[in-house]
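The values are calculated or read from the model by the stated rules, or taken from the named source; none is laboratory data. Please read all numbers here as calculations on a predicted model, not as lab measurements. Here the Cβ is made from the backbone with ideal geometry for all residues, glycine too, and neighbour counts use every protein chain on show. For accessibility, only protein heavy atoms count, side chains too; no ligands or nucleic acids. Shrake-Rupley method; radii C 1.70, N 1.55, O 1.52, S 1.80 Å.
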Amino acid sequence: MSALLEVKNLKTYFYNKKKELPIIDGIDFEVNKGETVALVGESGSGKSMTALSIMRLLPSPGGKIVEGQILFDGQDLVQLSEEQMFKVRGNEISMIFQEPMTSLNPVLTIGEQLTEVLRYHKKMGKKAARERAVELLKLVGFGRAERILDDYPHRLSGGMRQRVMIAMAMSCNPKLLIADEPTTALDVTIQAQILELMQKVSEKFDSSIILITHDLGVVAELAERVIVMYAGQIQEEASVNELFNNPLHPYTAGLLAAVPSIEGGAKRLYSIPGNVPSPENYPAGCRFAPRCAQATEACFQTLPELKEIEPGHKVRCHLYQEGEQQ
Ligand code: SF4
Ligand code: MG
């Protein structure tokens, strides 16, 4: 498989009252063509900021990419002008968010919003854009798509709005779809439908997906590979099977233990004690050390490196620094 996206040593900092906050602190990963990669971790671990860095939609002023490359189809997005980036966004890379109401315009109809994207990026005429919009709405499961076109977003349910967002995100056949907590705001039954739909459309369009979530159930459903983030760094990376069956990093193990077990009936909800450290004062050694039951003296002093333990399985933890499990 070849890489569609290569993120290399990406550092995104925030500047707040002369403080420098390393929100993303040197991450490297790839997304292959047609692949679904999940970014997981608690909130505040840097997942959403990774997405906003790729989209070049960091809050401004304040957020800035200070180092690294984001190679998309061989071209470094970090170096593109705002104007060039405008052509990439929504066209080659599109994004869906947790709450579609924040990205849909409340005063425009669904049809106006869908056709606007097509007219801008694909230079379609009014009629052709409208026909394409109907096709897209049918694709995401609207039986009476023509009627939805003239509706305003507030008339639709949360699940319907998220389906509209998927139609809009896929309208220009993007190579990469970034979905940030796409189902978090929805009912459990609707969540499953939306995940299925994302899978279906990404397969149809042969798009890659970066799925951002704190929900490992969602990961198991949709992703092929998982990247675990914590305190602005990648802590572990593996295929979904490998990560669920053989989690190496104590943080990953903690996240997995926090998934409610459906089979057991008992929904014990374990949560890892302590909090994600603030980027203002990351611990000197391993950033997970203050919360880790297996931490030793060395963990508090030296930052472990991200090492490939087995082909495709990387981990940042002193327990595995010799290239072998101890
Ligand atoms: Fe825990 Fe040490 Fe591994 Fe960090 S390096 S996760 S503190 S065992
Ligand atoms: Mg987030």
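Of note:
- Three-way shape call for region 107-184 based on the alpha-carbon gyration tensor, with the a/c threshold at 1.5: oblate
- Helix 126-139 axis, angle to the chain major axis (alpha carbon atoms, nearest 10°): 50
- Under the simplified labelling scheme, the N16-A293 pair shows an inter-label distance of 3.2 nm, with each label point 7 Å from Cα along Cα→Cβ.
- Counted by Cβ distance under 9 Å from L4, the other residues give a net charge of -2, where Lys and Arg count +1 and Asp and Glu count -1.
- Region 8-62 - accessible surface per residue (Å², probe 1.4 Å): 43
- Karplus 3J(HN,Hα) series, Hz, for region 141-146 with 6.51 cos²θ - 1.76 cosθ + 1.60 (x for Gly, Pro): x, 8, x, 9, 4, 4
- Seen against the Cα atoms of the chain and their longest principal axis, helix 158-170 is set at about 90 degrees.
- Accessible area per residue for region 166-207 is 41 Å², calculated with a 1.4 Å probe on protein heavy atoms, without ligands, DNA or RNA.
- Solvent accessible area, Å² - S271, 1.4 Å probe, full protein context: 80
- Under 14 Å, Cβ to Cβ, from S43 - net charge with Lys/Arg +1 and Asp/Glu -1: -3
- When DSSP beta bridges are restricted to pairs lying wholly in the chain, around 65% turn out antiparallel.
- Here r is the Cβ-Cβ distance between E99 and E280 and R0 is 25 Å; the resulting FRET efficiency, rounded to 0.05, is 0.35.
- DSSP assigns beta bridges within region 1-134; of those with both partners inside it, close to 95 percent run antiparallel.
- Overall, the anisotropy analysis places the chain in the prolate class: the square-rooted eigenvalues a ≥ b ≥ c of its C-alpha gyration tensor yield a/c not less than 1.5, with a/b exceeding b/c.
- Accessible surface of region 167-245, 1.4 Å probe: 44 percent of it comes from carbon and sulfur atoms.
- The chain: angle of helix 110-122 to the longest principal axis, Cα-based, in degrees nearest 10: 80
- Formal net charge of residues neighbouring L108 (Cβ-Cβ distance under 12 Å; K, R +1; D, E -1): -4
- Estimated distance in nm for a label pair at S43 and F86, the labels positioned 7 Å out from Cα along Cα-to-Cβ: 3.3
- Taking the protein heavy atoms of region 1-97 in the context of the full set of protein chains, the accessible area attributed to carbon and sulfur is 49 percent at 1.4 Å.
- Amide H contacts of G90: M95, each under 5 Å away and 5 or more positions distant or on a separate chain (H built 1.01 Å from N in the peptide plane; Pro and chain starts excluded).
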